[in-house]
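The values are calculated or read from the model by the stated rules, or taken from the named source; none is laboratory data. Note that the structure is predicted; figures quoted are calculated from it, not measured. Reconstructed Cβ throughout: ideal geometry from the backbone, glycine too, with neighbour counts over all protein chains shown. Just so you know, the surface numbers come from the protein's heavy atoms only, side chains and all, with ligands and any DNA or RNA stripped out. Shrake-Rupley method; radii C 1.70, N 1.55, O 1.52, S 1.80 Å.
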Amino acid sequence: SRFTGEISCTNVRCCAWDGSTCFFSPGASFNFDHLDDSPKNSNIPVQKVGYSIVFTNQWTSANHPFLYPTDAHWSEFVYASHSSAYIMWRDQARASRGVELIAETGALGDLQSELATEDSVLDQVEAFGIEDAFDGATSFSKRDLCVDTDHPLVSGIGMIAP
């Protein structure tokens, strides 16, 4: 993440530095209703907010019965907040090396490095994998993701695998 150092971390109003890691600052947390698809359309005057992310598995033998594996699972996930200038992946387009490695092996490191150098990405977080992909199994982000009015979009990726 671009928020690995104290100076970059403290420049983000929803994050706080603990001496070694950048964390979402609980004092900046609040809930509001979206009036549209973007925090930019909220009537609450705020520049940055943090969101926790929950992914719920619905890939099961009941709703995907053809050759469903007995050891279905998800790798860890990575999520990024960004502007419309960034696209994590696109149908019928060549994937970045980071996206390719997550799809093939579940390894996050290359994509995280790509995100850290992408100017249109504000923040990134990891989320836990799902070892047993039963219906309703969940993955949670390891910390809150910072989003602001210039970076209102969130993209995420993980590997689904037998």
Whichever residue in the range 115-127 is in a helix (DSSP H, G or I) and of a type outside the set (S, T, N, Q) and, among such residues, is farthest from Ile157 (Cα to Cα): Ala116
Residue count for the range 102-137, restricted to those that are within 11 Å of Phe77 (Cβ to Cβ) and either in contact with a helix residue (DSSP H, G or I) (Cβ under 7 Å, 6 or more places away or on another chain) or open to solvent by less than 60 Å² (accessible area, probe 1.4 Å) (or both): 10
Scan of the range 71-114 for residues that are of a type in the set (Phe, Trp, Tyr) and either out of contact with any strand residue (DSSP E or B) (no Cβ under 8 Å at 6 or more places or on another chain) or in a loop (DSSP other than H, G, I, E, B) (or both), ordered by number: Tyr86, Trp89
Residue that is modelled with the highest pLDDT [pool: residues in the range 150-162 that are surrounded by fewer than 16 Cβ atoms within 10 Å (Cβ to Cβ) and in a loop (DSSP other than H, G, I, E, B)]: Asp150
Subset of the range 50-70 (residues that are in contact with a strand residue (DSSP E or B) (Cβ under 6 Å, 6 or more places away or on another chain), assigned to a loop (DSSP other than H, G, I, E, B) and small (Gly, Ala, Ser)): Ser52
